[in-house]
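The values are calculated or read from the model by the stated rules, or taken from the named source; none is laboratory data. Computed from a predicted structure; not experimentally measured. Positions of Cβ are backbone-derived with ideal geometry, glycine not excepted, and every protein chain shown enters the neighbour counts.
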Amino acid sequence: MNQYDDLVTVDVKPQQGAIKAHQSSKLAIAFGGGAARGMMHLGVIKALEEQGVEADIVTGTSVGSIAAVLYATHDYEQIAEILYEFSEHQIVDLNLSNKGLIKGQALARWVNQHTGNRNLSELPVTTGIVATNLSQQKAVMFVDGNVGEAVQTSSSVPGVFVPIYHHDDILVDGGVLSLVPVYGARQLGADIVIGVDVFCSAPPPLKYKAANTVANSFWIQSCIATKDEIETADIVVELNPIEPSLIEFGHLEEREQAMQIGYDAMMAAMPELLALIEQK
């Protein structure tokens with residue numbers, strides 16, 4: 001049973017701008033969910049690092065939560081090494097019960113291995129990880145507690161992963177209600193938010209297979225539910241995958257192609273971003 005009562009949450013609420021004033025502007029990256037498409041986040045990180053742009057705040061949903069915590073603890077080269085060596089079997093712990101196909105605890109261990117087994121409040125960059133509280137029908141954001149447990153919760157796709165129990169509530173993938181966590185970034189004090197959408201730009205392939213049916217259903221629901229939130233980002237980086245699959249991370253060449261897509265899209269948006277930073 002995945003019972004994580006030590007995770008500290010705040011409710012995610014719609015925000016149109018920074019909720020408090022700062023002497024200097026704060027930049028946030030809201031890394032969106034999208035399963036295997038998350039490799040494209042790597043290219044966004046590369047482009048920002050090359051241009052000397054550093055985020056003060058990161059938020060993440062589902063695979064975006066992995067990108068967020070890796071960004072908060074590593075530079076681009078280190079993240080690239082981790083993700084290029086990554087294999088799905090490292091995070092898949094099959095479950096023989098009716099609660100879900102995957103326990104999810106292997107994912108938490110993998111994340112903790114690569115982030116130093118720390119709490120969110122201990123990370124060098126302010127970090128918020130978003131999940132969905134099914135019991136109360138709302139999005140919540142983890143601001144403290146074990147990093148791996150927070151990422152596991154944020155990535156617990158309903159029906160695929162065993163859900164998380166948080167006190168008396170059931171928590172699942174943040175993408176159900178907050179696919180690209182822009183609101184969460186604002187709540188943490190961001191003045192400028194880059195919203196990185198790897199999911200809604202293209203639906204997964206529709207085939208007569210259970211995994212594809214789940215993926216397409218999740219795509220429709222999540223993209224409709226979070227459309228307004230995504231549009232409130234100052235910079236929206238929409239990434240169009242060469243391979244629309246959400247399930248397969250692919251071999252090295254495919255991962256490099258995914259990284260390049262993210263890099264090119266972020267570089268295309270860079271003039272607008274740099275102008276915003278200059279204005280603030």
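Looking at segment 43-139, the strands (runs of 3 or more DSSP E) lying wholly inside it that each contain 2 or more residues that are modelled with pLDDT of 95 or more and hydrophobic (A, V, I, L, M, F, W, C) sit at 57-61, 126-133. Whether any residue in segment 200-215 is within 18 Å of the chain's Cα centre (by Cα), at pLDDT 90 or above and farther than 19 Å from Ala131 by Cα is what I want to check. Checked against the condition, which is being within 18 Å of the chain's Cα centre (by Cα), at pLDDT 90 or above and farther than 19 Å from Ala131 by Cα, segment 200-215 yields no hits at all. The lone criterion from (1) basic (Lys, Arg); (2) touching a residue at least 60 places away in the same chain (Cβ under 8 Å); (3) surrounded by fewer than 24 Cβ atoms within 10 Å (Cβ to Cβ) left unmet by Arg186 is number (3). Residue-level check: of (1) within 19 Å of the chain's Cα centre (by Cα); (2) of a type in the set (Asp, Glu); (3) within 17 Å of Met266 (Cα to Cα), Glu50 misses just (1). From the list Glu49, Glu81, the lone residue that is of a type in the set (Asp, Glu), surrounded by fewer than 17 Cβ atoms within 10 Å (Cβ to Cβ) and free of Cβ contacts under 8 Å to residues at least 12 places away in the same chain is Glu81.
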